[in-house]
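These notes are about the structure you will find just below.
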Amino acid sequence: MANAPTFNAAMKREYQDLYDTMNVTANAAGLRQFLDHCTGNRSRYVDVVNAAVADEDALPWWLIALAHWRESTGNWGKHLHNGDPLTARTESVPAGRPKSGTPPFSWEESAVDAVRHHGLTRRKSWDVPTVLRWLEGYNGWGYRLYHGPEEADGTLSPYLWAGSSHYTSGKYIADGKYSGTAVDKQLGCATLMRHLHLSGVITVNDLIATVQRGADATTIRAGALMRFGEKGEPARSLQTWLNQFPGVALRVDGNPGRNTSDAFRVVTGNYLAADPVA
């Protein structure tokens, strides 16, 4: 398996810019099918989060839903790891999972193993770039390393971007075998995430809550509710909080204008309420 690229500031900006500029081009029926599945089974995903990390707020439940849909179109009879049948341990990469227990496995049992195996319990921050970076790595780095923006064919991973304006063609049709003309018909995870966002399933509060575990709840809520240009002490608290993030250097003046709203967007993926450019 290819080594993961360094998750640096440039890579974070790339993910955020791609997410901000994407247009969803997928068929509406496919999006509706995913949305209905996701919202109708939220409790099952939340149960897996609680079993794996003992804290629902430590991991977005919808992140598991995205991987589940992409790997097996939400099939409850398949491993979350890779879509192999639950009647046996996984055969595809990662093979031999779960290592403990006896098949057939329940979907929840296998999903908890997948969450732990892929290190989801060790993360504390889940902003947009981190979510997309993890999802791309979940599938593998072949597109980025061998067919990405800096290569001649410039194919972004369809695991993320299929069904959006950022993807036209290019797909691995077998292990190590790439076709520049093949088209991935499945919906990409970024496309699905965007649909959840536009549909209100992922809200501003959700995105903020996953950005920094342990951040002051009053400050986070103030950011979610604050309006562009609404001066005051809550704005100063928000600016101070935003300054903790790499690349953010705001003047703490209690005036949440252009720079504050732009920084809020970098951190959470959203402008402040009533921002004229939003």
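Couple of notes before you dig in:
- Unmet criterion (only one of (1) in contact with a Leu (Cβ under 8 Å, 6 or more places away or on another chain); (2) under 30 Å from Leu242 (Cβ atoms); (3) of a type outside the set (Phe, Trp, Tyr)) for Gly163: (2)
- Number of positions in region 70-115 that are in contact with a helix residue (DSSP H, G or I) (Cβ under 7 Å, 6 or more places away or on another chain) and under 28 Å from Ala162 (Cα atoms): 16
- Qualifying residue in region 245-265 (condition: under 25 Å from the mean Cα position of the chain (by Cα), at pLDDT 85 or above and among the charged types (D, E, K, R)): yes
- Any pair with Cβ under 7 angstrom, 6 or more apart, that starts in region 51-66 at a residue that is at pLDDT below 90 and ends at one that is among the aromatic types (Phe, Trp, Tyr): Pro60/Trp126
- Residue match in region 74-84 (condition: polar (S, T, N, Q) and more than 21 Å from Gln186 (Cβ to Cβ)): no
- Residues in region 184-217 that are modelled with pLDDT under 55 and hydroxyl-bearing (Ser, Thr, Tyr): Thr210 alone.
- Scanning region 248-278 for residues that are surrounded by fewer than 18 Cβ atoms within 10 Å (Cβ to Cβ) and at positive phi yields Gly254, Ala274.
- Long-range neighbours under 9 Å by Cβ, at least six apart or interchain, first residue farther than 13 Å from Thr73 by Cα and not assigned by TED's automatic domain parsing to the domain that holds Gly163 within region 29-43, second hydrophobic (A, V, I, L, M, F, W, C) and surrounded by 15 or more Cβ atoms within 10 Å (Cβ to Cβ): none
- Thr130 meets all of the listed conditions (1) surrounded by 13 or more Cβ atoms within 10 Å (Cβ to Cβ); (2) modelled with pLDDT of 90 or more but one, namely (2).
- Among the residues of region 164-184, at least one is surrounded by fewer than 21 Cβ atoms within 10 Å (Cβ to Cβ), without any contact (Cβ under 8 Å) to a residue 12 or more places away in the chain, among the β-branched types (Val, Ile, Thr) and assigned by TED's automatic domain parsing to the domain that holds Asn75.
- Note on region 234-278: among residues that are in a loop (DSSP other than H, G, I, E, B) and in contact with a strand residue (DSSP E or B) (Cβ under 7 Å, 6 or more places away or on another chain), the one that is farthest from Asp127 (Cα to Cα) is Ala274.
The values are calculated or read from the model by the stated rules, or taken from the named source; none is laboratory data. Keep in mind the model is a prediction, meaning the values are calculated, not measured. Quick reminder, even Gly has a Cβ in these numbers, built from the backbone with ideal geometry, and neighbours come from all protein chains shown.
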